[in-house]
Amino acid sequence: MPTWNLGLRALLELSALGAMGWWGHQQTDGAGRYALMVGVPALGAAAWGTFAVKGDPSRSGAAPVPVGGVTRLALELGVFAFATWALTDIDRESIALGLASATVIHYAFSYRRVSWLLSR
């Protein structure tokens, strides 16, 4: 995967976590607001970092909890889909469109990795 695409992926991951936190902050008042603001992205990050395909060249190759490629791809797309939906839910449609568009661009240029994941 080209270096620029790895950089885009890192920005997408951070943006998705930020969107989850922003959404969590908007859901309620009081202490629950901060619990969701921290907890929702923490769950997303934990899932992202824990479930991996062994030998994935776009990661360290380590897989704390090994999963199949289709499962990993579904997890990644689920995280980005939730983040996009969360932005739409808090009336940030233009930002959601930007996140979704950048995600599509990333995966379009990651076709070799996507093919690799689908074969695992």
Are any of the residues in the stretch 55-70 of a type in the set (Lys, Arg) and within 22 Å of VAL104 (Cβ to Cβ)?
yes
Do we have ARG72 as of a type in the set (D, E, K, R), crowded, with 17+ Cβ neighbours inside 10 Å and part of a helix (DSSP H, G or I) here?
yes
Please state which of the following conditions TRP23 fails to meet, knowing it meets all the rest: (1) in contact with a Leu (Cβ under 9 Å, 6 or more places away or on another chain); (2) surrounded by fewer than 18 Cβ atoms within 10 Å (Cβ to Cβ); (3) over 19 Å from ASN5 (Cβ atoms); (4) among the hydrophobic types (A, V, I, L, M, F, W, C).
(2)
Residue satisfying condition, being among the small types (Gly, Ala, Ser), under 14 Å from GLU13 (Cα atoms) and surrounded by 12 or more Cβ atoms within 10 Å (Cβ to Cβ), within set GLY39, GLY44, GLY55
GLY44
Just checking, which of ALA46, ALA19 is closer than 19 Å to THR88 by Cα, aliphatic (A, V, I, L, M) and either touching a residue at least 24 places away in the same chain (Cβ under 8 Å) or in a helix (DSSP H, G or I) (or both)?
ALA19
For residues that are in contact (Cβ under 8 Å) with a residue 24 or more places away in the chain and charged (D, E, K, R), scanning just the stretch 75-91, find the one that is surrounded by the most Cβ atoms within 10 Å (Cβ to Cβ).
GLU76
Within the bounds of the stretch 75-90, is there any residue that is touching a Lys or Arg at 6+ places or on another chain (Cβ under 7 Å) and in a helix (DSSP H, G or I)?
no
Could you count how many residues in the stretch 54-69 are in a loop (DSSP other than H, G, I, E, B) and modelled with pLDDT of 95 or more?
2
Among the residues of the stretch 17-34, the number that are charged (D, E, K, R) and either at pLDDT below 95 or in contact with a Cys (Cβ under 9 Å, 6 or more places away or on another chain) (or both) is 1
I'd like to check something: does the stretch 26-38 contain any residue that is in a helix (DSSP H, G or I), of a type outside the set (Asp, Glu) and in contact (Cβ under 8 Å) with a residue 40 or more places away in the chain?
yes
Test result for LEU36, within 16 Å of the chain's Cα centre (by Cα) and not hydroxyl-bearing (Ser, Thr, Tyr):
no
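The values are calculated or read from the model by the stated rules, or taken from the named source; none is laboratory data. Model, not experiment: these values are computed from the prediction. We place every Cβ from the backbone using ideal geometry, glycine too, and count neighbours over all the protein chains shown.
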